[in-house]
1. Against the definition (under 21 Å from residue 67 (Cβ atoms), in contact with a Lys or Arg (Cβ under 9 Å, 6 or more places away or on another chain) and either loosely packed, with under 13 Cβ neighbours inside 10 Å or not acidic (Asp, Glu) (or both)), how does residue 2 come out, yes or no?
2. Kindly provide the set of residues from segment 21-41 that are surrounded by 14 or more Cβ atoms within 10 Å (Cβ to Cβ), outside any helix (DSSP H, G or I) and not hydroxyl-bearing (Ser, Thr, Tyr), ordered by number.
3. Regarding residue 46, is this residue closer than 19 Å to residue 2 by Cβ, without any contact (Cβ under 8 Å) to a residue 12 or more places away in the chain, assigned to a strand (DSSP E or B) and not basic (Lys, Arg)?
4. For segment 17-41, enumerate the residues that are within 19 Å of residue 6 (Cα to Cα), more than 12 Å from the chain's Cα centre (by Cα) and of a type in the set (Val, Ile, Thr).
5. What are the pairs with Cβ atoms under 6 angstrom where one residue, in segment 15-38, is under 14 Å from residue 68 (Cβ atoms) and the other, located anywhere, is of a type in the set (Phe, Trp, Tyr)? Sequence gap at least six, or different chains.
6. Among the residues of segment 56-99, write down those that are among the charged types (D, E, K, R) and either under 30 Å from residue 44 (Cβ atoms) or outside any helix (DSSP H, G or I) (or both).
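Derivation of every value follows stated rules applied to the coordinates shown; laboratory data play no part. These numbers were taken from a predicted model, which means no experiment stands behind them. Ideal geometry is used to build each Cβ from the backbone, glycine not excepted, and the neighbour counts take in all protein chains shown.
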Amino acid sequence: MAYTLEEQETFVRFDALDKQWTIETNYYPHIQKVLKLPEAYEVLNTEEEEGRTIWLNAVMKIGEDFGINVFPKKKRKMTEEQRQELAERMKQARTSLEK
């Protein structure tokens, strides 16, 4: 049986001895993120219901290609002028890549 909203949760654990991150979740958006990025996760166990994954346990493949930061990052605050300058720089960068 699928999990109710009150039962849905995600745990992210770090094992200092193995230096390994583990994720266990029954929250569907998090399940989808894990399943859509198989090169970043090794799925250890799943629970299926009617062909749909409703729970999973996975190890994160942290290393050369992937990293993780579980601590909040303060959002960057920009004025409208700064936002326009950044948009123009991005536009120029994209144009130079196309050449």
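1. no
2. Answer for segment 21-41, where residues must be surrounded by 14 or more Cβ atoms within 10 Å (Cβ to Cβ), outside any helix (DSSP H, G or I) and not hydroxyl-bearing (Ser, Thr, Tyr): 21, 23, 24, 26, 40.
3. Judged against the criteria, residue 46 is a match.
4. 25
5. 21/14; 34/41
6. 61, 64, 65, 73, 74, 75, 76, 77, 99
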